[in-house]
Amino acid sequence: MSMPRFGLLLMALPLAASAAPPQVHEFTLANGLKVLVQEDHRAPVAVSQVWYKVGSSYEYGGITGVSHMLEHMMFKGTKKHPPGEFSRIISANGGSENAFTGQDYTAYFQTLERSRLPVSLELEADRMRNLKLLQDEFVKEQQVVIEERRLRTEDQPHARMDEHFQAVAFTNSPYRNPVIGWPEDVAGLTLDDLSTWYQRWYAPNNATLVVVGDVDPKAVFEQARKHFGPLKPGKLPVLKPQGEVQQLGLRRMVVKVPAKLPHLEMGYKVPSLKTAGAEWEAYALEVAAGILDGGNSARLASRLVRGQQIATDAGAGYDLYARLSSLFTLEGTPAQGKTMAELEAALLDEVRRLREEPVAEDELARVKAQVLASNVYQRDSVFYQAMQLGMAETVGLGWRKVEEYVDKINAVTAEQVREVARKYLIDDGLTIAHLDPQPIPEGAKIQEGADSMGGGHVR
């Protein structure tokens, strides 16, 4: 399952509120662990999340997928708790828990009744430094991940296409590697690989604890200090620059896999908020994605799906909060009787209009209004509030960026949207992939329309 970034969700909601975001309390323990606490007293629950600054973009050839594999092994016991005990204790306390790995982070979370929060903190602190990696458990879990890869990538045409698309679109950026890892790398991982990865990255000074819910910030801090405080910090490696080399022309590829329908994917090289020379460029790209794919009234749905009826579905996306420069993507499936060439031409024409025609003020206002609506909706979810804080902090932007989002989006002008389209949405930075459907073997189960963009994995 791909984990959503917290950008434009663009839902139709009557605008009513622009309430100030809830206050975030920040603490840092002596060992470097950052603790973020946000009160939300609407229900007697607490969400606890531990975010580590490590994901697939930290990996290199030969060990791709190690972050995700380690995430699985984090439930296999410590010296204090045997395999399976972590999940059993959380369940016995009426809670739920899981974890996910992305390109830029690995995160673990629990949702519990508020008085049970210390249970979560004790368990997370224990496995942060005391994980017991066992060979027999590793062998079993490696087969689980290989099967996960088969189900979520190899049997899903769009996911498989996207994996190859990313590998072609990026030359040297680590974003060219799939979060779950390449097949031979996953099969070749060893217990020593995981142990090295764990020792290198799992330390309090490389993590952020986020707690949101019906809690008292000072009490949470005291509990965090009690359980995490005794942990020793690690000696973290210095990350080398990982900038993508300049693309020198349009790239094309054809992906031939068993599938029922053709599919088109396109991606332009763009900066993220973290890598943009000027912040407003990233927010303008975010608005541009909303103009194209911001619900039923957005351009792709209204023009290509319902209007010209060239596509059965079409979408656009932009990852504002990526740690490294990323892609501005478009994708679609041609309608019956329409060709891939016609759909590609229609999508390129929509990009051309962004470059050449200023967005009308009423359309721009609609997109901004939807952003505000989305922001209000997001605050309804305690889990999502915690996720916003953890993600922004972990990719190096800082949690305060979450509070700036609506104001920054509202400041974007029509001319800025046109300017970033002219600068970044150009052929020299474009990669285009066509999925050429091949016959489906008898008895094979193919899952069409699976999530192709994103790339996070949950246990």
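The values are calculated or read from the model by the stated rules, or taken from the named source; none is laboratory data. Since this is a predicted model, take the numbers as computed values, not measurements. Quick reminder, even Gly has a Cβ in these numbers, built from the backbone with ideal geometry, and neighbours come from all protein chains shown. Quick note on the areas: whole protein, heavy atoms, side chains included, nothing else; ligands and nucleic acids left out. Shrake-Rupley method; radii C 1.70, N 1.55, O 1.52, S 1.80 Å.
For the range 276-322, which positions are outside any helix (DSSP H, G or I), in contact (Cβ under 8 Å) with a residue 60 or more places away in the chain and among the hydroxyl-bearing types (S, T, Y)? Within the range 276-322, S297, Y318, Y321 meet the criteria. Pairs are defined by a Cβ separation below 6 Å, a sequence spacing of at least 6 or placement on different chains, a first member in the range 98-111 that is in contact (Cβ under 8 Å) with a residue 24 or more places away in the chain and among the aromatic types (F, W, Y), and a second member that is in a strand (DSSP E or B) and open to solvent by 10 Å² or more (accessible area, probe 1.4 Å); the pairs so defined are F100/V458. Within the range 249-258, being open to solvent by 20 Å² or more (accessible area, probe 1.4 Å) and either outside any loop (DSSP other than H, G, I, E, B) or of a type in the set (S, T, Y) (or both) holds for R251, R252, M253, V254, K256, P258.
Considering only residues that are among the acidic types (D, E) and touching a residue at least 60 places away in the same chain (Cβ under 8 Å), look in the range 409-437 and name the one that is farthest from A282 (Cα to Cα). Before you say what the answer is, go through the steps one by one.
First, the residues of the range 409-437 that are among the acidic types (D, E): 415, 419, 427-428, 436.
Right, trim to touching a residue at least 60 places away in the same chain (Cβ under 8 Å) and you get 419, 427-428, 436.
Values: E419: 12, D427: 19, D428: 19, D436: 33 Å.
Only one residue fits best here, namely D436.
Could you tell me whether V186 is open to solvent by less than 10 Å² (accessible area, probe 1.4 Å) and in contact with a Leu (Cβ under 9 Å, 6 or more places away or on another chain)? For V186, the condition - open to solvent by less than 10 Å² (accessible area, probe 1.4 Å) and in contact with a Leu (Cβ under 9 Å, 6 or more places away or on another chain) - is not met.
Give L239, L261, L273 a once-over and let me know the one that is farther than 23 Å from H68 by Cβ, open to solvent by 40 Å² or more (accessible area, probe 1.4 Å) and touching a residue at least 24 places away in the same chain (Cβ under 8 Å).
Numbers: L239 fails: farther than 23 Å from H68 by Cβ; L273 fails: open to solvent by 40 Å² or more (accessible area, probe 1.4 Å).
Going through L239, L261, L273 in turn, the sole match is L261.
If you go through the range 49-97 and keep only what is within 22 Å of V382 (Cβ to Cβ) and touching a residue at least 24 places away in the same chain (Cβ under 8 Å), you end up with Q49, V50, W51, Y52, F86, I89, I90, N93, G95. Per the listing F86, F75, F100, F109, the residue uniquely within 28 Å of S57 (Cβ to Cβ), part of a loop (DSSP other than H, G, I, E, B) and either open to solvent by less than 40 Å² (accessible area, probe 1.4 Å) or touching a Cys at 6+ places or on another chain (Cβ under 7 Å) (or both) is F75.
Counted as qualifying within the range 150-248 are the helices (runs of 4 or more DSSP H) with 3 or more residues that are more than 30 Å from S272 (Cα to Cα), namely 183-188, 191-201, 217-228.
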